[in-house]
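Taking it in order: structure first as structure tokens, then the write-up.
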Amino acid sequence: MDYAAGANRTRNTTGKEPRHIIVANDADKTKLETLKQQLIEKKHTQASDMRQTANAVISELNLEGFELLDFVSSDDYKAMMKLAQNYTFEAHVLQQSDIISNENTGILGTLKSSENKLYVLGHGSSGSNEISSKRSASEEGYEIVSSRDLAEQLSKGGLDKSFSDIRVASCYSADTTKPESFDPAELKLAAEPGYIDAPEDPELDGTKVVPFAQSLANDLKEVGFDKVEVAGYHGTSTAISDDTHRYQTLHTDDAPVARSSEVRELFLPV
């Protein structure tokens with residue numbers, strides 16, 4: 001939900017219509033609507049708390065006259081007000097994001113490659129064929145879906161078998177191993193297939209692993225999507241951007257940042 005909110009915040013800034021969030025059925029819609037409302041309330045609370053913090057400083061220091069003017073003109077005060085404004089804006093953008101049940105509307109069947117892009121959201125990790133609703137299994141509401149499950153959901157949900165433009169916005173969706181930099185040679189290496197080295201577990205040892213985007217492309221072909229192209233992104237996605245672009249980063253000491261469009265990789269079924 002955070003990523004969807006961040007993406008729609010960027011689109012709002014550029015005057016574009018918000019992207020809708022499509023879920024499989026009415027039950028999923030109900031759950032996500034609840035999460036959406038909780039996040040909206042959290043954003044409003046954060047905005048209110050930030051404004052109260054600024055006012056508390058004024059009251060505690062008993063600022064008046066030129067001292068008050070100096071404070072409200074300071075970088076610290078402006079930063080607090082900017083943060084409060086951002087929280088309010090994010091709540092507004094979230095409110096505009098429609099959650100649509102495919103079970104109730106059949107919206108997947110109306111999508112066309114020439115007009116639409118289908119983004120897959122969820123928490124991911126390098127070399128995994130699963131994405132999840134939460135970062136940790138210990139969090140309430142944690143659910144996982146495999147690339148195979150997702151391919152079957154899209155097929156049964158009515159997505160046209162000629163649909164081709166699918167993009168996985170999950171972290172490390174283009175990576176078998178975590179890249180150390182955004183250097184093209186490093187990214188190429190990170191996307192290559194790998195094999196599990198676990199001699200203590202004969203069932204796992206030697207198992208081939210690929211990026212989630214590659215797994216999804218393979219599984220979509222298995223269920224009949226013969227023209228599919230699945231885009232993945234190297235590194236981790238940033239939920240919020242301060243400008244009109246989306247960004248990726250890496251959990252390394254220098255924490256490099258790159259525009260998502262520049263570290264997107266296309267995967268075809270193999």
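The values are calculated or read from the model by the stated rules, or taken from the named source; none is laboratory data. Remember, it's a predicted structure, so these values are computed and weren't measured experimentally. For neighbour counting, all protein chains shown are included, and Cβ atoms are generated from backbone atoms with ideal geometry for every residue, glycine included. What goes into the accessible areas is simple: the full protein's heavy atoms, side chains included, and nothing from ligands, DNA or RNA. Shrake-Rupley method; radii C 1.70, N 1.55, O 1.52, S 1.80 Å.
If R0 is 41 Å, what FRET efficiency do you get for residue 92 and residue 149 from their C-beta distance, rounded to 0.05?
0.75
Taking a probe of 1.4 angstrom, what is the accessible area of residue 233 in Å², to the nearest 10?
Solvent-accessible area, nearest 10 Å²: 20 Å².
Build a GNM of the chain with springs between Cα atoms under 10 Å: which of 164, 133, 73 gets the top mean-square fluctuation?
73
Name the most mobile residue of 152, 139, 200, meaning the one with the largest mean-square fluctuation, in a Gaussian network model of the chain with Cα contacts below 10 Å.
Most flexible of the set in this elastic network: 200.
Whole angstrom only: what separates the Cα centroid of the stretch 20-68 from the Cα centroid of the stretch 165-187?
So the two Cα centres are separated by 32 Å.
In debye, nearest 20: dipole of the chain around its Cα centre with unit charges on the Cβ of K, R (+) and D, E (-)?
1080 debye
Candidates (1) 39, 24, 17; (2) 35, 32, 19; (3) 42, 31, 13; which is the computed semi-axes √(5λ) of the Cα gyration tensor in Å?
Correct label, based on the coordinates given: (1).
Nearest 0.05, what FRET efficiency do residue 259 and residue 14 give at R0 = 22 Å with Cβ-Cβ as r?
Efficiency at R0 = 22 Å is approximately 0.95.
Calculate, for the chain, the solvent-accessible area per residue in square angstrom, rolling a 1.4 angstrom probe over the heavy atoms of the protein chains.
57 Å²
Counting only protein heavy atoms, what percent of the accessible surface of the stretch 203-270 is carbon or sulfur at a 1.4 Å probe?
C and S atoms contribute 46 percent here.
Give me the distance in nm between label points sitting 7 Å out from Cα along the Cα-to-Cβ direction at residue 203 and residue 62, one decimal.
That separation, rounded to one decimal, is 7.2 nm.
What GluC sites (Glu not before Pro) does the stretch 1-82 have in DSSP loop regions with at most 11 other beta carbons within 10 Å?
Loop-located and lightly packed - 64.
In whole percent, and with a 1.4 Å probe on the protein chains, what portion of the accessible area of the stretch 36-157 is carbon and sulfur?
Heavy-atom surface of the stretch 36-157 belonging to carbon and sulfur, 1.4 Å probe: 47 percent.
Could you tell me whether the stretch 124-270 comes out rounded, prolate or oblate from its Cα gyration tensor? Rule is a ≥ b ≥ c as square roots of the eigenvalues, rounded for a/c under 1.5, then prolate if a/b exceeds b/c, otherwise oblate.
In terms of gyration-tensor shape, rounded.
Given the C-alpha centroids of the stretch 80-105 and the stretch 117-140, what is the distance between them in whole angstrom?
A separation of 21 Å, based on Cα centres.
Which ³J(HN,Hα) values, rounded to whole Hz and listed in residue order, are derived for the stretch 68-75 from phi using the Karplus coefficients 6.51, -1.76 and 1.60 in 6.51 cos²θ - 1.76 cosθ + 1.60 with θ = phi - 60°, glycine and proline given as x?
5, 5, 4, 5, 6, 9, 6, 5
Work out from phi, with θ = phi - 60° and the Karplus expression 6.51 cos²θ - 1.76 cosθ + 1.60, the ³J(HN,Hα) of each residue of the stretch 155-166, listed in order in whole Hz, and give x for Gly and Pro.
Along the stretch 155-166, the couplings run 5, 5, x, x, 4, 4, 5, 8, 5, 10, 8, 10 Hz.
Apply the Debye scattering formula to the stretch 74-189, with a single equal point scatterer on each alpha-carbon and no solvent, then give log10 I(q)/I(0) at q = 0.17 Å⁻¹.
Rounded to two decimals, the profile gives -1.08.
On the full set of protein chains, 1.4 Å probe, figure out the accessible area of residue 39 and give it in Å² to the nearest 10.
Estimated to the nearest 10 Å², residue 39 gives 20 Å².
Enumerate the amide H contacts of residue 174 below 5 Å, restricted to partners 5 or more residues apart or on another chain; note that Pro and chain-start residues carry no placed amide H.
233, 234, 235
Taking a probe of 1.4 angstrom, what is the accessible area of residue 245 in Å², to the nearest 10?
Roll a 1.4 Å probe over it and residue 245 shows about 60 Å².
Would you mind checking which residues have amide H under 5 Å from residue 100's amide H? H placed 1.01 Å from N; only 5 or more apart, or other chain.
Answer set, sorted by chain and number: 21, 22, 23.
Using modelled amide H (1.01 Å from N, peptide plane; none on Pro or chain starts), what sits under 5 Å from the amide H of residue 119, excluding residues fewer than 5 places away?
For residue 119, whose amide H was placed from the backbone, the distant partners under 5 Å are 167.
Step through the table entries 178/221; 43/161; 29/188; 43/156, compare each Cα-Cα distance with 32 Å, and write down the pairs that go over it.
43/161; 29/188; 43/156
Quick one: grab the alpha carbon gyration tensor of the stretch 1-108, order the square roots of its eigenvalues as a ≥ b ≥ c, and give me rounded if a/c is under 1.5, else prolate or oblate depending on whether a/b is larger than b/c.
Note, shape of the stretch 1-108 comes out prolate.
Please enumerate, by chain and number, the aspartates and glutamates with C-alpha under 16 Å from the C-alpha of residue 208, excluding those fewer than 8 residues away in the same chain.
Within the straight-line limit of under 16 Å, residue 208 reaches these aspartates and glutamates: 130, 175, 192, 197, 219.
Mind listing the phi-derived Karplus ³J(HN,Hα) values for the stretch 248-262, rounded to whole Hz, using 6.51, -1.76 and 1.60 with θ = phi - 60°, and x for any glycine or proline?
Those phi angles translate into 10, 9, 10, 8, 10, 4, 8, 6, x, 10, 9, 4, 4, 5, 8 Hz.
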